[in-house]
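*Asks:* Below are the structure tokens for one structure; questions will follow.
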């Protein structure tokens, strides 16, 4: 297996000279090298998988998901309000009927 250049002038974390850098390669043409590097990177970083949007049957998992997504939604709403200087109100009811609200200023009283 041939060595590959990692970064600019480093092989496996050790600096290499300009001359030895020329000799270190993956072999093959440029497109093939790019494909090999892309495949190696893809194996290292999987990323997030798509979540199918459907009702979660497990009650505790559903409650945890609701809590996390509610907090994320409120965080996004706060940021939108700050960035765009917009008045906003957010009202969310859980499956148990508990109310969660977020508003800036007196707008919530106008809506309710």
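*Asks:* Can we say residue 24 is over 30 Å from residue 96 (Cβ atoms), modelled with pLDDT under 55 and touching a strand residue (DSSP E or B) at 6+ places or on another chain (Cβ under 8 Å)? Quick ask: steps written out before the conclusion?
*Replies:* Numbers: over 30 Å from residue 96 (Cβ atoms): yes; modelled with pLDDT under 55: yes; touching a strand residue (DSSP E or B) at 6+ places or on another chain (Cβ under 8 Å): yes.
When the stated conditions are applied, residue 24 passes them.
*Asks:* Could you tell me how many of the residues in the stretch 29-57 are at pLDDT 80 or above, exposed (fewer than 10 other Cβ atoms within 10 Å of the Cβ) and under 27 Å from residue 68 (Cα atoms)?
*Replies:* Result for the stretch 29-57: 8.
*Asks:* I'd like the residue in the stretch 59-89 that is assigned to a loop (DSSP other than H, G, I, E, B) and in contact with a helix residue (DSSP H, G or I) (Cβ under 9 Å, 6 or more places away or on another chain) and, out of all such residues, is surrounded by the fewest Cβ atoms within 10 Å (Cβ to Cβ). Steps first, please.
*Replies:* First, the residues of the stretch 59-89 that are assigned to a loop (DSSP other than H, G, I, E, B): 85-88.
Imposing the further condition that a residue be in contact with a helix residue (DSSP H, G or I) (Cβ under 9 Å, 6 or more places away or on another chain) reduces the set to 86-88.
On the way: 86: 11, 87: 13, 88: 15.
So the residue we want is 86.
*Asks:* Moving on to the next point. Here are 70, 78: which of them is in contact with a strand residue (DSSP E or B) (Cβ under 8 Å, 6 or more places away or on another chain), in contact (Cβ under 8 Å) with a residue 12 or more places away in the chain and over 22 Å from residue 96 (Cβ atoms)?
*Replies:* Numbers: 70 fails: over 22 Å from residue 96 (Cβ atoms).
Result: 78 is the single residue among 70, 78 that is in contact with a strand residue (DSSP E or B) (Cβ under 8 Å, 6 or more places away or on another chain), in contact (Cβ under 8 Å) with a residue 12 or more places away in the chain and over 22 Å from residue 96 (Cβ atoms).
*Asks:* Yes or no: the stretch 90-98 includes at least one residue that is modelled with pLDDT under 90 and part of a loop (DSSP other than H, G, I, E, B).
*Replies:* Of all residues in the stretch 90-98, those modelled with pLDDT under 90 come to none.
Within the stretch 90-98 (the criterion being modelled with pLDDT under 90 and part of a loop (DSSP other than H, G, I, E, B)), the answer is no, since none of the residues qualifies.
The values are calculated or read from the model by the stated rules, or taken from the named source; none is laboratory data. All of these numbers come straight from a predicted model, not from anything done at the bench. Positions of Cβ are generated from backbone atoms using ideal geometry, with glycine treated the same way; all protein chains shown enter the neighbour counts.
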